[in-house]
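Here's the structure, in structure tokens; my notes come after.
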Amino acid sequence: MRIQESWGARQIHSGPLPVLQSLIDAMLSNIAVLDIGGSIILVNRAWRNFARRNGLAAADAGVGLNYLEVCTNAAPQCPEAEECRLGLGQVIDGTTELFRQRYEMPVGGAPCHFVMTATNLPVEGERRILVSHEDVTLLIQAQQEVREGAIRLLEGQERERRHIAREMHDSLCQELSAIKLLCAQLRGAGPDHRGGILAEADEVTDRAIRMVRTFSFVLHSDDSGESDTVATMEHFAKGFSRRTGLEMSFTARVRRPTLLASLQVPLLRILQESLTNVHRHAGATAARVVLREIRGAIVLSVEDDGCGFDPLAAPGTGSGGVGIASMRARARELGGRLIFDSTPAGSRLVAILPL
């Protein structure tokens, strides 16, 4: 009861506009209240703070100005200013109850995005117009980043498809061509030589089958059924070892494995690419995979005992460098980095991704 009496007394002694001022001051958006002629009669605290921070020249944060004229004057900086003026005019005229328009204009030298809303506001029997401006810059930037991320993902998938096609051509086609040549030799060979040719063809065919199985495993390794990142990567490393004959060790020193969920796909892709390089180009018999958590980052290292290789000179890699560029791009998109080193004693790849 006392609360109601106090509220009523406040309205009696202060009138409706001070009460309205208190209400709009509690709101975070920039808000102005206009009379039916379009002149600003009230602005809230957020509006005044915005005007002060951005050096707007109007006295008293624009109170007393006609907001239709403000929209007209803003046209050189804001392409949507005329639409805002027309929409606000329709609300003032009573043609429409609500108008909303997104617009862009520079603030502090940087492009910012806002949503202007204008609607009727009855105050003590009089019609007022409430105009709000909500800063949606962060939302627009986030949407743009999502779109750009989707484009980068599609571009990355296309690069991977081209890379796989090159790998298939350079490895599998080479073996199939060898089988074709052996078949040609077999047709003209005498009985004493056919056994040797068939044995060689059998060996080449086995290599081709192993290549197909390896490619299939790499492409479908996400079907392991594991949701845990460490388990998924270990599953891939062991499966790769079985299919290629490459001796493999896998070690994980991760204190907070649940934090790896968002990094599972990029970590697995980098591991896939690096082990494929070891198998195809390094001439290695063994590889060592270590996953560590160090000072707020995940470090994935892949080492081999091969003879080393130049990623730019490897057969069929073109200018991309055996997927090094793709792996480096993955790390960079996540705010990390990738280090690759190759010597006659073996190669080493290290990916560092922040948690």
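Numbers at a glance
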| quantity | calculated |
| --- | --- |
| Residue within region 93-114 that is over 34 Å from the mean Cα position of the chain (by Cα), in a helix (DSSP H, G or I) and assigned by TED's automatic domain parsing to the domain that holds ALA32 present | yes |
| Flag if CYS78 is surrounded by 16 or more Cβ atoms within 10 Å (Cβ to Cβ), part of a loop (DSSP other than H, G, I, E, B) and either of a type outside the set (Gly, Ala, Ser) or not assigned by TED's automatic domain parsing to the domain that holds LEU17 (or both) | yes |
| From LEU353, LEU271, LEU349, residue being buried (at least 18 other Cβ atoms within 10 Å of the Cβ), modelled with pLDDT of 85 or more and touching a Leu at 6+ places or on another chain (Cβ under 6 Å) | LEU353 |
| Complete set of residues in region 325-339 that are modelled with pLDDT of 90 or more and under 27 Å from THR285 (Cβ atoms) | LEU338, ILE339 |
| Some residue of region 121-130 being exposed (fewer than 11 other Cβ atoms within 10 Å of the Cβ), in contact with a Pro (Cβ under 9 Å, 6 or more places away or on another chain) and under 25 Å from LEU17 (Cα atoms) | yes |
| Region 196-242 - residue that is of a type in the set (S, T, N, Q), assigned to a helix (DSSP H, G or I) and more than 22 Å from ASP304 (Cα to Cα) and, of those, modelled with the lowest pLDDT | SER224 |
| Matching residues, region 177-197, being closer than 18 Å to VAL212 by Cα and exposed (fewer than 14 other Cβ atoms within 10 Å of the Cβ) | SER177, LYS180 |
| Qualifying residue in region 251-271 (condition: closer than 17 Å to LEU334 by Cα, part of a strand (DSSP E or B) and of a type in the set (Val, Ile, Thr)) | no |
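The values are calculated or read from the model by the stated rules, or taken from the named source; none is laboratory data. What you see is a predicted model; the values in this text were computed from it and never measured. When we count neighbours, we look across all protein chains shown, and the Cβ atoms used for this are built from the backbone with ideal geometry, even at glycine.
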